[in-house]
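Report on the structure given below.
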């Protein structure tokens, strides 16, 4: 795949940065213009403020108080109601010459019913330069007639332009943040697309298309990640071709072994027949020894061919497996009784520990018998020097079968030591039956224990 600089992820991101650098010098004046345009419009006199400013409002309130010179209580109440309609957002009340609070618009529980000189001074101190803006005027300009009060929030008497000018810093900050946020949003979208594509590639690498290999992935763009996806697809195709060749070679190898196993059985049968015929002829002591050797080697070669054939069937999954509930005590006892004469003839000390109660496993009887046969055969062949065999079955911990000898151990020398194909077959059979073997071997002997596999611990593989 050819590299196109215009499609590179680096090129795209550099373009985003350049666009941001070019846009910022133009965007800031635009934000400033948009911030001041409403201010200029409002201060141009088109919309009028709802209430006068503080100075004007104070002047008007004192004029209204002077007009009430000598007015009755009812007239003062009527005047306050009229002013309340004009200044709806304000709080109005008046106090008579005796210090009693009269009309309150609206009622305010914090205003006392009677005013003392101390409270009056405290009220005036609290309301100086405070919010709400408060104007106190003597009725008729005479302290002896009482006073009237107007309180209104400063935000209601501040010009709109002034209020917006006070918020200009916020408006400018919001505009600048919007520009920066737009750049960050574009960057986020850019990197999020890269992340999604990388996650998709990771999922494709860890998925299984059914043949033990990941499937190919659709290449969307001709950039760095796209080239990585193409390389991954090439690797998957090479692995598929390699897996196909491996399967063909494995099938060819198994077919060759099966044919060789079959073809070798015929001459071995003929040789065994001729060896048996020679025993009927007059032979010297040396000749009879040669016949014994020939028969042993024929048996060994026959067993080797049988193991080779069984291994081929096991590895290809074609060896018949029929699991059922098996009493391992009865199976071990029956099989050991068949081997008893052979061990006794070879001069072995034979020990067994088999319980009376049955112990059941889910297994194939023929497979389990073959596993035990192989162990007994190995003891007879390779541990003959120890002249000892032990077979035990325990019901503890889901049951176990133990076989022990006093031979030279698995690392010792043996005249009949083979390639270990029998042990490989045993391992495959035990794995299929969900069993495991524990082997302890030293120069003093070997102990093999067969047990059911333990359930896997969370986070760890099964044994």
Here the residues within segment 314-363 that are under 20 Å from residue 429 (Cα atoms) and surrounded by fewer than 11 Cβ atoms within 10 Å (Cβ to Cβ) are 317, 320, 322, 324, 325
Practice item. Could you please let me know if residue 228 is out of contact with any strand residue (DSSP E or B) (no Cβ under 9 Å at 6 or more places or on another chain) and surrounded by 12 or more Cβ atoms within 10 Å (Cβ to Cβ)? Key: yes
Residue set 169, 114, 151, 137; condition at pLDDT 85 or above and over 25 Å from residue 63 (Cα atoms); output residue 114
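To keep it simple, each residue is scored yes or no on (1) assigned by TED's automatic domain parsing to the domain that holds residue 13; (2) within 30 Å of residue 13 (Cα to Cα); (3) modelled with pLDDT under 75.
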{"residue": "178", "(1), (2), (3)": "yes, yes, no"}
{"residue": "192", "(1), (2), (3)": "yes, yes, no"}
{"residue": "207", "(1), (2), (3)": "no, no, no"}
{"residue": "232", "(1), (2), (3)": "no, yes, no"}
Of the listed residues (73, 96), the one being over 16 Å from residue 151 (Cβ atoms), touching a strand residue (DSSP E or B) at 6+ places or on another chain (Cβ under 6 Å) and either in the same structural domain as residue 123 (by TED's automatic domain parsing) or modelled with pLDDT under 85 (or both) is 96
On the basis of being in the same structural domain as residue 147 (by TED's automatic domain parsing) and surrounded by fewer than 16 Cβ atoms within 10 Å (Cβ to Cβ), does residue 91 make the cut? no
Subset of segment 105-153, residues loosely packed, with under 10 Cβ neighbours inside 10 Å and part of a strand (DSSP E or B), comes to none
The strands (runs of 3 or more DSSP E) lying wholly within segment 322-408 that contain at least 3 residues that are in contact (Cβ under 8 Å) with a residue 12 or more places away in the chain, over 16 Å from residue 450 (Cβ atoms) and in the same structural domain as residue 431 (by TED's automatic domain parsing) are 349-353
Counted residues in segment 187-212 being over 22 Å from the mean Cα position of the chain (by Cα) and on the phi < 0 side of the Ramachandran plot come to 5
All-but-one check, residue 344 against (1) modelled with pLDDT of 80 or more; (2) touching a helix residue (DSSP H, G or I) at 6+ places or on another chain (Cβ under 8 Å); (3) closer than 30 Å to residue 400 by Cβ, failing number (2)
Going through segment 63-79 in order, the residues found to be in contact with a helix residue (DSSP H, G or I) (Cβ under 9 Å, 6 or more places away or on another chain) and closer than 22 Å to residue 53 by Cα are 64, 65, 66, 67, 79
If we keep only residues of segment 187-218 that are touching a helix residue (DSSP H, G or I) at 6+ places or on another chain (Cβ under 8 Å) and more than 19 Å from residue 231 (Cβ to Cβ), then the residue surrounded by the fewest Cβ atoms within 10 Å (Cβ to Cβ) is 212
Please work out if residue 65 is surrounded by 15 or more Cβ atoms within 10 Å (Cβ to Cβ), touching a strand residue (DSSP E or B) at 6+ places or on another chain (Cβ under 7 Å) and assigned to a helix (DSSP H, G or I). yes
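This table checks each residue for (1) in contact (Cβ under 8 Å) with a residue 24 or more places away in the chain; (2) assigned to a helix (DSSP H, G or I); (3) in contact with a helix residue (DSSP H, G or I) (Cβ under 9 Å, 6 or more places away or on another chain); (4) more than 19 Å from residue 377 (Cβ to Cβ).
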position	(1), (2), (3), (4)
264	yes, yes, yes, yes
281	no, no, yes, yes
296	no, yes, no, no
304	yes, yes, yes, no
308	yes, yes, yes, no
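The values are calculated or read from the model by the stated rules, or taken from the named source; none is laboratory data. This is a predicted model, so every value here is computed, not measured. Because the Cβ atoms are built from the backbone with ideal geometry, glycine has one as well, and the counts that use them run over all protein chains shown.
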